[in-house]
């Protein structure tokens, strides 16, 4: 039954391609989002473009050269999607001008090593926070309620919570930067 | 405009932009800054990454918490591939929490500005101790926000002021006060001087080379290198009457100035000061009197209403002070290629040199695929084989490659610290070194198959700060025909702290990570 075996072969090929794509995409998912977010630093816009880019990557996956850099290819696709989005959004959005977008795209390093290093350092820095600071940070980023509600739960004024969150973020930013500087010095 | 002001402005603009609340003029300003300054673009990327990573961190935390939920979970088929989702919950952005956070960020930038302004206006402030007033802070210019050093260690800290918390890595600006109810805190000044505060105590960073201890205990340590140079630190003017000290602690009754290396200072509830010299010399100045102390000596300065300053001399109490911050938290040391897939640079292992290969350039090691019949199977959760590239590149025989990894001890090495590990190698580990000191290498051969792992253990030679572990791997076997061959290294490793009661006799055989030795934490 040649017809059945042909179908089976196609299905096997599709499945193999699917698995290959999912593997590559899963590895670069966060890095690609970071790239899009840096060109469109409005969360909902970045999400829209990221989703559209994901679909296009899947559709065009046949054009991808196995063994080459998937993230670089995905970023190129994402860049065009960002430009399409900017054209469609027109004056409804405050976006960066073309020259700056191109410069940011050229300078953006979302390589696994840089991203994983920063992530690792951030986790270390978070560990160094006090238990109370970590808890506050976690609850603030949980999205379960407003800062005002959080302030009520903690029996603090909203301004105190704002102040502390800001302080924690600044501490973390400084701590990660310091760790990156030390790493560069060591190497 | 100073660099700090520019940075604050940029962060303020970024917070506004991330919340979608930036107005057109500020957006133009942001665009101008980013277009003009490469450093601003780097900060822009880094700041966006921080927001992104914090959300991912919370998401991972929530996922881990859900995995730990005790109830039986519905096991459903995996969801369809599409639509893709962003790494973060979309409900967060644009939601009430996000809006509040943006408002919080803006508010806090303002608060930060107010704080900086407050600090900038304390130049005329004087510390006049109640009833004493014997020492003053001097009149140096503190017209802008200046970072004197950084917080480099915290242990079990409780703060007298509930809003006074800080974290390791945070800056220690001039004028900042630390009121410690208990615990230990280390400040490292830009000059390299280290101060360990021991709670309960109250300390203020007064200059780039000193501070004010209102009460409690501290140890100050200045590196030998700095002492040997003997250079006067910039910004040291307040204590210039003393002979070129490198660091000084002011107390209500005295000024204790370092003339080299290490000393402790204690201020009791009455404000009376005792200084102890552990290494080198100090000068203690009280009113018009000055006492010089050598290592092992101490002096107590009391203030008597009738007699004035009373100086009592004694011996230094070495055990009374915590002179080094102990290492805190897990010790992060990584196996080769740990948590990596094949074919990627290993962020933690580096090939530092290749003896006999003039063309070699130092590089990150690369995780490599190997043949399962000839090589120990990689276990990414513990280690992966590494070489100069993926798929076992052929490399010149006779070359010795030095693989290097680093790990940090953010304090004095804990007692009982041990690195336990096991390696497999193609072809041979010629030497293992920790911080340049040789480590015993177990017997092993040169020839394939490379299926066996060989345990090793390191129990001494650790140092505070960065530790360097190296493996010298020689390539090639005796066959003269072969000019190029495969070379790779596989190392599983973990740092453990042995309980004090664990025996260390000669018969003690190190457990390899594969054995499941789990006393310590990674």
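The values are calculated or read from the model by the stated rules, or taken from the named source; none is laboratory data. Nothing here was measured: the structure is a model prediction, and the numbers come from that model. Virtual Cβ from ideal backbone geometry, glycine too; neighbours counted across all protein chains shown.
Results, tabulated for the structure shown:
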quantity: Any hit, segment A:6-19, residues being within 14 Å of chain B (Cβ to nearest Cβ), more than 15 Å from the chain's Cα centre (by Cα), at pLDDT 90 or above and part of a helix (DSSP H, G or I); calculated: no
quantity: Single residue of segment A:84-98 satisfying the filter (more than 28 Å from residue A:23 (Cβ to Cβ), at pLDDT 85 or above and in contact with a helix residue (DSSP H, G or I) (Cβ under 7 Å, 6 or more places away or on another chain)) that is surrounded by the most Cβ atoms within 10 Å (Cβ to Cβ); calculated: A:96
quantity: Given (1) farther than 24 Å from residue B:29 by Cβ; (2) in contact with a helix residue (DSSP H, G or I) (Cβ under 8 Å, 6 or more places away or on another chain); (3) crowded, with 17+ Cβ neighbours inside 10 Å, number of the condition residue A:104 does not satisfy; calculated: (1)
quantity: Enumeration of residues in segment A:38-63 that are away from chain B (no Cβ under 11 Å) and not in a helix (DSSP H, G or I); calculated: A:60
quantity: Qualifying residue in segment A:64-83 (condition: out of contact with any helix residue (DSSP H, G or I) (no Cβ under 8 Å at 6 or more places or on another chain), part of a helix (DSSP H, G or I) and within 12 Å of chain B (Cβ to nearest Cβ)); calculated: no
quantity: Verdict on residue B:456 being outside any strand (DSSP E or B), in contact with a strand residue (DSSP E or B) (Cβ under 8 Å, 6 or more places away or on another chain) and crowded, with 21+ Cβ neighbours inside 10 Å; calculated: no
quantity: Sole exception among (1) out of contact with any strand residue (DSSP E or B) (no Cβ under 6 Å at 6 or more places or on another chain); (2) part of a strand (DSSP E or B) for residue B:348, by number; calculated: (1)
quantity: Given (1) within 12 Å of another protein chain (Cβ to nearest Cβ); (2) touching a residue at least 24 places away in the same chain (Cβ under 8 Å); (3) outside any loop (DSSP other than H, G, I, E, B), number of the condition residue B:334 does not satisfy; calculated: (3)
quantity: Filter pass, residue B:207 being assigned by TED's automatic domain parsing to the domain that holds residue B:300, over 30 Å from residue A:123 (Cα atoms), at pLDDT below 85 and touching a helix residue (DSSP H, G or I) at 6+ places or on another chain (Cβ under 7 Å); calculated: yes
quantity: Hits in segment B:266-280 - residues which are surrounded by fewer than 24 Cβ atoms within 10 Å (Cβ to Cβ) and part of a strand (DSSP E or B); calculated: B:266, B:278, B:279, B:280
quantity: Any chance residue A:54 is under 15 Å from the mean Cα position of the chain (by Cα) and modelled with pLDDT under 85; calculated: no
quantity: Residue match in segment B:357-378 (condition: touching a helix residue (DSSP H, G or I) at 6+ places or on another chain (Cβ under 9 Å), buried (at least 16 other Cβ atoms within 10 Å of the Cβ) and assigned to a loop (DSSP other than H, G, I, E, B)); calculated: no
